[in-house]
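What follows is one structure encoded as structure tokens, with my remarks underneath.
The values are calculated or read from the model by the stated rules, or taken from the named source; none is laboratory data. This is a predicted model, so every value here is computed, not measured. Neighbour counts are summed over all protein chains in view; Cβ atoms, including those assigned to glycine, are modelled from backbone coordinates with ideal geometry. In case anyone asks, the SASA skips ligands and DNA or RNA and just uses the protein heavy atoms, side chains included. Shrake-Rupley method; radii C 1.70, N 1.55, O 1.52, S 1.80 Å.
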Amino acid sequence: MLLILLPLSALAREADSIYVKDSIPGKYDHRIHRYRKYWESLIPTQIIIQNAGNMGYISGGFGWEYGRRGQWETHLLWGFLPKYSSTRAKLTMTVKETYIPWSINLGKGFALEPLSSGIYVNTVYGHEFWKSQPGRYPDKYYQALSTKFRLNVFLGQRVTFNIPERHRFLVKAVTAFYEVSTCDLYIRAMIQDDQISLWQILGLSLGLKFQLL
């Protein structure tokens, strides 16, 4: 019996050593890891709902955060603009970049982000808006600004509540924020007209951000 068991144990040890050797990742494994990591980074990690801000009456979309502390965020939003005095309602689209320098822990799951800043570009879908000046207007009547795209800048503040792990279901944190913004068209109007003050070209926007991952 010993003569039978001893060779079998030696083979088992040899098989174990071969298995460990084969488990060392090679170039293929590293390439697959980078490939998966790249595609995983495209998965949205945030859902955003925002009111006003030159994006429409209400806007919603997805977002991603990155950076060593997650201090950078990119949002892609679609908005709804009621018709008001026009002939029909309209849709908007916004690409937004936000920078959050620091976060202050307030305790009990709350955190304050005393400063957020950024820029965003938005557009309104519709034939009434154009990228370059139509020929029916005198040359350079609207200078370099079109009615199709608006460049906006903003400053704001945010408060975040981190949901305890035992209570998490769909989201891990909820952030309430406000932003004060203006756009290139309003800035130009203030520069050209002394009667327009800074406070007249600023707008207030409120929103919620739901952190998924």
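Results, tabulated for the structure shown:
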| item | result |
| --- | --- |
| Qualifying positions in the stretch 164-181 - in contact with a strand residue (DSSP E or B) (Cβ under 6 Å, 6 or more places away or on another chain) and of a type outside the set (S, T, Y) | V171, K172, A173, V174, A176, F177, E179, V180 |
| Test: residue in the stretch 70-85 that is charged (D, E, K, R), modelled with pLDDT under 85 and assigned to a loop (DSSP other than H, G, I, E, B) | yes |
| Number of positions in the stretch 161-195 that are open to solvent by 50 Å² or more (accessible area, probe 1.4 Å), of a type in the set (A, V, I, L, M, F, W, C) and part of a loop (DSSP other than H, G, I, E, B) | 2 |
| Options I49, I43, I100; residue that is surrounded by 17 or more Cβ atoms within 10 Å (Cβ to Cβ), β-branched (V, I, T) and in contact (Cβ under 8 Å) with a residue 40 or more places away in the chain | I100 |
| Matching residues in the stretch 199-213 - criterion: being touching a helix residue (DSSP H, G or I) at 6+ places or on another chain (Cβ under 7 Å) and at pLDDT 95 or above | none |
| Options G61, G109, G126; residue that is at pLDDT below 90, open to solvent by less than 60 Å² (accessible area, probe 1.4 Å) and touching a strand residue (DSSP E or B) at 6+ places or on another chain (Cβ under 6 Å) | G126 |
